[in-house]
Amino acid sequence: MTKNSWRSEGNSENIKMGSVGQINLSLAKDLSEKWNVKLSANDIFNTARKNTFTIFSGMNDVYIEKAASVRAVECIVRYKFNTVKTKYKGKGAGKKEMDRL
């Protein structure tokens, strides 16, 4: 599964924001009914590392360049405890009540 996000350069009230974007990728695999593995990589092209803002006011203009590291790789292993093999099919529920009526 691929997840993309992008913000283009633009203005909002008295703030000018620079463009920023990233692409995330994840793969999941069911190994059995109880085991599941998911491998994810965030910002695989390292494009979200720099974020810029310019704040305009009557007296001063403030330029902010924010460097962040959102790149990450994660591996999630899940195990389901006490999985039910058969589901309740509704037989026998309320038999006493039906006989009473």
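The values are calculated or read from the model by the stated rules, or taken from the named source; none is laboratory data. Please read all numbers here as calculations on a predicted model, not as lab measurements. Positions of Cβ are backbone-derived with ideal geometry, glycine not excepted, and every protein chain shown enters the neighbour counts. We work out accessible area using only protein heavy atoms, side chains counted, and drop any ligands, DNA or RNA first. Shrake-Rupley method; radii C 1.70, N 1.55, O 1.52, S 1.80 Å.
List of remarks:
- Selection status of A48, out of contact with any helix residue (DSSP H, G or I) (no Cβ under 7 Å at 6 or more places or on another chain), outside any strand (DSSP E or B) and farther than 30 Å from N82 by Cα: yes
- Scope segment 6-28; condition touching a residue at least 40 places away in the same chain (Cβ under 8 Å) and among the β-branched types (V, I, T); matching residues: I15
- Residue within segment 81-97 that is open to solvent by less than 100 Å² (accessible area, probe 1.4 Å), modelled with pLDDT of 80 or more and hydroxyl-bearing (S, T, Y) present: no
- Qualifying residue in segment 14-23 (condition: open to solvent by 60 Å² or more (accessible area, probe 1.4 Å) and assigned to a loop (DSSP other than H, G, I, E, B)): yes
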